[in-house]
Amino acid sequence: MRAIQSTRVVHKAIQIQVRVCNVVKSSANTTGLSNACPDCKGNLSKPNMCRGCNKEVLHGDVLKKYTITKDEQRILTTNELEQLKGIGSTMNVLGTIDKDQFKQSFIVGSYYVLPQTKLKNKSQQQEVEQNKIDYAILKESILQSDNMLAVKFAIRDKEKLGVFTVENDYIVLLSLAYPEFVQEQDEETAIKLDEAQKKMSEKFVESIKPIDLSTVTDSYTETLEKILEGKSDPQAQKKVETSNMWSSL
Ligand SMILES: [Zn+2]
């Protein structure tokens, strides 16, 4: 499998060489609909400024284009767009999938799914209250189920596949890669460990202290910002001893 990066897993003197490879094929994200300028068909930035001819485009004039490859795009007609209307406007429950067969590697994004609270008029108050109960029932069923609920939904003209999960007291939608865009991992990685090696793995886990993830920050970006501000402090990279690394725990 082609690697996008070679790196090492590091903890104290332990260093394990690894390759990082994409789960989702790079061809998966190149297609999709986007807003386009009616004059030069260029991409629009917010608020509807054309990146091609640098003009502001009125909302009613915005076209939809489909990007096939970087160099191949097609503008959709009103008639063609009409045929797409309605698809993805709701979150459709597709069915259940076995929790044991659910692969976390398929997760490509996440969304909060919260009950609707917007009221058009006061008479809908009761409806909103009932909807909160319906939401709670859905949440409870997700919690209680041995299976996961698979859904299809669309965000910004892209149809997505997802599963519901519950976090604290709300529903979270995990968006998944379509299986057809996932490259299968078929390299042999299983190795039988002897008792001494299994002991090492126990020692490894024991040597790691608990951490509060909210204290972890993006040090790469922080250092980059310091460099750009001219406040960088060149530090020597720490050299790590690699011999007898497991016994060093
Ligand atoms: Zn333009």
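Things to note:
- Test for L63: is it outside the structural domain of V163 (by TED's automatic domain parsing), of a type in the set (A, V, I, L, M, F, W, C) and within 16 Å of the ligand (Cβ to nearest atom): yes
To keep it simple, each residue is scored yes or no on (1) within 16 Å of the ligand (Cβ to nearest atom); (2) more than 23 Å from T189 (Cα to Cα); (3) loosely packed, with under 11 Cβ neighbours inside 10 Å.
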| position | (1), (2), (3) |
| --- | --- |
| R2 | no, no, yes |
| Q17 | no, no, yes |
| C21 | no, no, no |
| P38 | yes, yes, no |
| G52 | yes, yes, no |
| V57 | yes, yes, no |
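- In the range 25-35 there is no residue that is within 16 Å of the ligand (Cβ to nearest atom), over 28 Å from the mean Cα position of the chain (by Cα) and modelled with pLDDT under 90.
- Of all residues in the range 1-26, those being assigned to a strand (DSSP E or B), in contact (Cβ under 8 Å) with a residue 40 or more places away in the chain and β-branched (V, I, T) number 3.
- Among the residues of the range 189-231, those identified as farther than 14 Å from W246 by Cα and hydroxyl-bearing (S, T, Y) are T189, S214, T215, T217, S219, Y220, T221, T223.
- Tally, over the range 152-162, of residues that are surrounded by fewer than 19 Cβ atoms within 10 Å (Cβ to Cβ) and closer than 13 Å to Y178 by Cα: 5
- So Q101, is it within 24 Å of K152 (Cβ to Cβ) and over 27 Å from the mean Cα position of the chain (by Cα): no
- In the set (1) under 30 Å from I4 (Cβ atoms); (2) modelled with pLDDT of 90 or more, the condition left unmet by I75 is number (1).
- Residues in the range 111-126 that are out of contact with any Asp or Glu (no Cβ under 9 Å at 6 or more places or on another chain) and either surrounded by 12 or more Cβ atoms within 10 Å (Cβ to Cβ) or at pLDDT 90 or above (or both): Y111, V113, L114, Q124.
- Flag if I97 is assigned by TED's automatic domain parsing to the domain that holds A177 and in contact (Cβ under 8 Å) with a residue 24 or more places away in the chain: yes
The values are calculated or read from the model by the stated rules, or taken from the named source; none is laboratory data. Every value quoted in this text rests on a predicted model; they were computed, and no experiment measured them. Cβ: placed from backbone, ideal geometry, glycine included. Neighbour counts: every protein chain shown.
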